[in-house]
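Contents: one structure, followed by commentary.
The values are calculated or read from the model by the stated rules, or taken from the named source; none is laboratory data. Keep in mind that this is a model prediction, so the values were computed, not measured. Cβ sites come from the backbone with ideal geometry, for glycine too, and all protein chains shown count toward neighbours. Areas reflect the complete protein model, heavy atoms only, side chains present, ligands, DNA and RNA absent. Shrake-Rupley method; radii C 1.70, N 1.55, O 1.52, S 1.80 Å.
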2 protein chains.
Amino acid sequence: MFVEKPVVTFMDELASSAPAPGGGSAAALVAATGAALVSMVANLTVGKKKYANVQDDVQRILTRSETLRQKCLDLLEGDVAAYTQVSVAYKMRRDTEEQKKARGMAIQKALKQATAVPMELAEACVGILNLCPESAEKGNVRAVSDVGVGALAAEAALRAAALNVLINLGSIKDEAFVQNERARLDALLDGKAQLKEQILKDVEAKL
Amino acid sequence: MFVEKPVVTFMDELASSAPAPGGGSAAALVAATGAALVSMVANLTVGKKKYANVQDDVQRILTRSETLRQKCLDLLEGDVAAYTQVSVAYKMRRDTEEQKKARGMAIQKALKQATAVPMELAEACVGILNLCPESAEKGNVRAVSDVGVGALAAEAALRAAALNVLINLGSIKDEAFVQNERARLDALLDGKAQLKEQILKDVEAKL
C-alpha cells in the first residue's frame, strides 16, 4: 500500500521514473489533503462552547469530509491498480489475429476501468468543495484560512482528475462511452473555479 | 519529522485538532507533489533516444525541480517549528508590565519568522510553475498530463501559501514590514493564474 509508506518515500517514488505512483495518485493525495483540512476545521469546532449552536451542522460536515478523505486515499491506491491493468493488457501477445483481437478488447476494457478512478476522484473533489462554504461560515474562525487551503487543494485535484480522465478517453474507441464520460466530466467541472474563488473571498473577509 | 510518517498517519494528524501539522504544512505537501511530478516527467525523458536533443535542458529542469521538492519538504517541517514558536510566545506570562512588553515583542518576532515560511513556499511554488512550460514542451509527451497536474498543484499551493502569509500579517504591527511583505506577495502571485491556464492549454493540446 502506497499510503503506508513515509511521506518522503512516497514523494521519492512519485518523482522517479517508476510506473507508480503517477499523476493520478498525486491528484488523489492533493484531494485527500483538501478533505483532511475540512475535517481539521470541523474537529477544531466540535465540542467548543462558542460554536454550540452549529454542533450538528459541523458534525455532519465532519462525517462527510472523513468519508471523502478515505475515498481519496482508496483512489490513490486504485489508480495504481487500474494503471497496472492497462499495462498488462498492452503487454499481451499479438502474434495471431485472435490474439490481436483479444488484446484490443482487454486494452479497451482496462482503459474504461482506468477512466472510472479519476472520474470518482473528480466526484469526491466536488464533494469536498461543496463542504467548504458552510465550513467557512460555521467553522472555528481561527482556522478559516485552512478552509481556503482545503478548497484550493480540492479544486486543483478536480482539474487534475479531469486531465487524467481525458488522457484515457483519448484512447477509447467506444464513442458513446467517450461522449457520456465527457458530459459527466463537464458537469462536474462546471462552475467549480468560480465556487473556489467565492470560498476564497469568504475566507479572506474573515481573516 | 512529519515527512518520516506514513502518508495515512500524516493525513490522520492533519485532519485532527492537533496543532500540527496545519494548513501551512498541507500547502507545502501539495507544492512538493507538484515538484515531484515535474521531476517525474524529467526522469521519464532523460536517457531516452527520442529526446536526445533536449537532454541538457531536461537535466537542468530535473536538478531545479529536485532542489525545489526538497525545499518544500523542509518548509513542511519549518511551518510546524514556526507555529510552535508563535504558540510559545503567546503562552508567556503577562503579570507585570515588563512581562507584557517582553511577551508582545516575542509574539511579534515569532510572527515575522512565521511569515517567512509561507513566503519562501510561495517563492518555491513560483519556481515550480516556471519549470512547467519547458517541461510540457520538451518532456516525454506520454507524461505531459503530469506536467499539468504538477502546475495545478504548484499554483494551488502558491495561493494557499499566500493565505498563510496574510493571516500572519494581520497580527503584525510593524506597518513597514507588512507593506513590504504584501508587495512581495503580490509580485509572486501576479500573472500566475494565467500562467497555469496557459500550461494547461499547452498540455491539453498534446493529449
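Laid out as a table, the results:
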quantity	calculated
Cα-projected label distance for A:Gln99 with A:Arg60, points at 7 Å along beta-carbon direction, nm	5.9
Calculated label separations, B:Arg94, copies of the chain, 7 Å along the beta-carbon direction, nm	7.2
Choice from B:Leu121, B:Leu129, B:Leu62 with maximal GNM fluctuation in chain B (Cα, 10 Å cutoff)	B:Leu62
Average other protein chain Cβ within 10 Å of Cβ, residues A:34-44	5
Normalised per residue, the volume of the convex hull around the Cα set of segment B:153-207 (Å³)	55
Hits among lysines - C-alpha to C-alpha of B:Lys48 under 17 Å, sequence gap 8 or more where chains match	B:Lys138
Pairwise FRET efficiency - A:Lys50 versus B:Thr84, Cβ, R0 = 25 Å, nearest 0.05	0.55
Rg and Dmax [Cα atoms of segment B:1-116; Å; Rg one decimal, Dmax integer]	20.2, 73
Mean projected area (nm²) of the alpha-carbon convex hull when segment B:83-151 is viewed from all directions	5.5
Expected 222 nm ellipticity per residue - DSSP helices of 4 or more, -39500 (n - 2.57), all of the protein assembly as shown, to 500	-28000 deg cm²/dmol
For segment B:85-94, Karplus couplings with θ = phi - 60° (6.51, -1.76, 1.60), whole Hz, Gly/Pro x	4, 5, 4, 4, 5, 5, 8, 5, 5, 9
Order of exposure, largest accessible area first, which applies to A:Met1, A:Met11, A:Met92, A:Met105 with probe 1.4 Å	A:Met1, A:Met105, A:Met92, A:Met11
Label spacing, shortest first and in nm, from B:Thr67 to its equivalents in the remaining copies (7 angstrom along Cα→Cβ)	4.7
Candidates B:Val86, B:Val147, B:Val38, ranked by Gaussian network fluctuation over chain B, Cα under 10 Å, top entry	B:Val86
Rounded Å value of the spacing that divides the Cα centres of segment B:147-192 and segment A:20-58	22
Shielding by other protein chains, A:23-31, mean Cβ within 10 Å	6
Segment A:128-144-segment B:97-144 distance, computed between alpha-carbon centres (Å)	24
In Hz, Karplus ³J(HN,Hα) per residue of segment A:185-193 (6.51, -1.76, 1.60; θ = phi - 60°; x = Gly, Pro)	5, 4, 5, 5, 6, 4, x, 6, 5
Long-range HN-HN contacts of B:Asp174 with modeled amide H, under 5 Å	none
Kirkwood-based Rg to Rh ratio, the protein assembly as shown, C-alpha trace	1.01
Rounded to the nearest 10 Å², the accessible area of B:Asp56 at probe 1.4 Å	130
Copies compared at B:Asn53 - label distances in nm, ascending, label defined 7 Å from Cα in the Cβ direction	6.9
Spatially proximal lysines relative to B:Lys100 (Cα-Cα < 26 Å; intrachain offsets below 8 disregarded)	B:Lys91, B:Lys109, B:Lys112, B:Lys173
17 Å tail of the calculated P(r), segment B:66-207, as % of Cα pairs	64
